[in-house]
Amino acid sequence: MASLANHPANRDQAKVMNRYDITKRMVGLLHQDEAVIGGIGYTNFDLWAASESASGRRQQNFYMLGSMGLAVPIAMGVAIAQPSRKVFALEGDGSVLMQLGSLTTVAARAQKNLCIVIMDNGAYQITGGQQTTTHQGADIVGIARAAGLTQSAWAADEDAFVELIGRSLKEDGPWLIGCRIDNQKPVDTTERDPARIRDNFMRGLGVRG
């Protein structure tokens, strides 16, 4: 396994990127029916927007609509159920702070096919922009490493983000990639149809005809 030492040592050293842009870059790297769990709010809104193509929207995406902090646990369940499939959890800083215990569970299980991407803008943006504790000094990547997720790193910039996603697709995990993002509003809004989201995802994973 190659070293992660060339990535930023902490949150303050990472470039502030655009959430939609890096989400679009990540989706563009997915070619093996990888599952993606989008955490509530703007994280999954931009996943929704980034996953539309001429052939339709990715069915392997799951868009959470109200369960704050559960993207990582849901992704963990999918990864356990389908160990041959790479699984990504996209989560905001506010949401992951509510479920820090899930990081220790992922580490203890050493789930090889799971990658967690944290979109950190230091705010509960969808509810009014109230500051989270990452804005006040909490470092999610540092917390993840202390929890046992040794393959955790801040993405220095867009190129580094693409590199880390590429590595997570090729190498065993679990991985955690921290991304500092701006406060731009999402490009689109996820359709709020829970039954349709569930059914499309199940078809995408091959568990429903």
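The values are calculated or read from the model by the stated rules, or taken from the named source; none is laboratory data. Computed from a predicted model, the values in this text were never measured in an experiment. Quick reminder, even Gly has a Cβ in these numbers, built from the backbone with ideal geometry, and neighbours come from all protein chains shown. Surface accessibility is based on the protein's heavy atoms, side chains included, excluding ligands, DNA and RNA. Shrake-Rupley method; radii C 1.70, N 1.55, O 1.52, S 1.80 Å.
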For the chain, which whole-number percentage of the solvent-accessible area (1.4 Å probe, protein heavy atoms only) is attributable to carbon and sulfur atoms? 50 percent
In terms of Cα to Cα distance under 22 Å, which lysines are near enough to residue 112, apart from those fewer than 8 places away along the same chain? 86, 170
With the dipole of the chain defined by +1 on each Lys or Arg Cβ and -1 on each Asp or Glu Cβ, the option from 184, 149, 75 whose Cα lies farthest towards the positive pole is 75
Tell me whether the stretch 1-64 comes out rounded, prolate or oblate; compute the Cα gyration tensor, take square roots of the eigenvalues as a ≥ b ≥ c, and use a/c under 1.5 as the rounded threshold. prolate
In terms of Cα to Cα distance under 13 Å, which aspartates and glutamates are near enough to residue 15, apart from those fewer than 8 places away along the same chain? 120, 157, 158, 159, 182
Can you compute the FRET efficiency between residue 203 and residue 126 using 1/(1 + (r/R0)^6), with r the Cβ-Cβ distance and R0 = 41 Å? Round to the nearest 0.05. 0.90
Once you charge only the Cβ atoms, +1 for Lys and Arg and -1 for Asp and Glu, what is the size of the charge dipole of the chain about its Cα centre, to the nearest 20 debye? 540 debye
Testing the spin-label approximation: label points 7 Å from Cα along Cα→Cβ at residue 5 and residue 189. State their distance in nm. 4.9 nm
With a ≥ b ≥ c taken as the square roots of the eigenvalues of the C-alpha gyration tensor of the stretch 19-204, please select rounded if a/c is under 1.5 and otherwise prolate if a/b is larger than b/c or oblate if it is not? rounded
Grab the other residues whose beta carbon is less than 13 angstrom from that of residue 47, score K and R as +1, D and E as -1, and report the net. -2
For a quick protection proxy, order the peptides 92-100, 12-20 by their average other-Cβ count within 10 Å, most packed first. 92-100, 12-20
Nitroxide proxy distance, nm - points 7 Å out along Cα→Cβ at residue 105 and residue 16: 3.4 nm
Burial ranking of peptide ranges 142-154, 55-67 (average Cβ count within 10 Å, highest at the top): 142-154, 55-67
Given a 1.4 Å probe, the accessible area of the chain per residue, as a whole number of Å², is 44 Å²
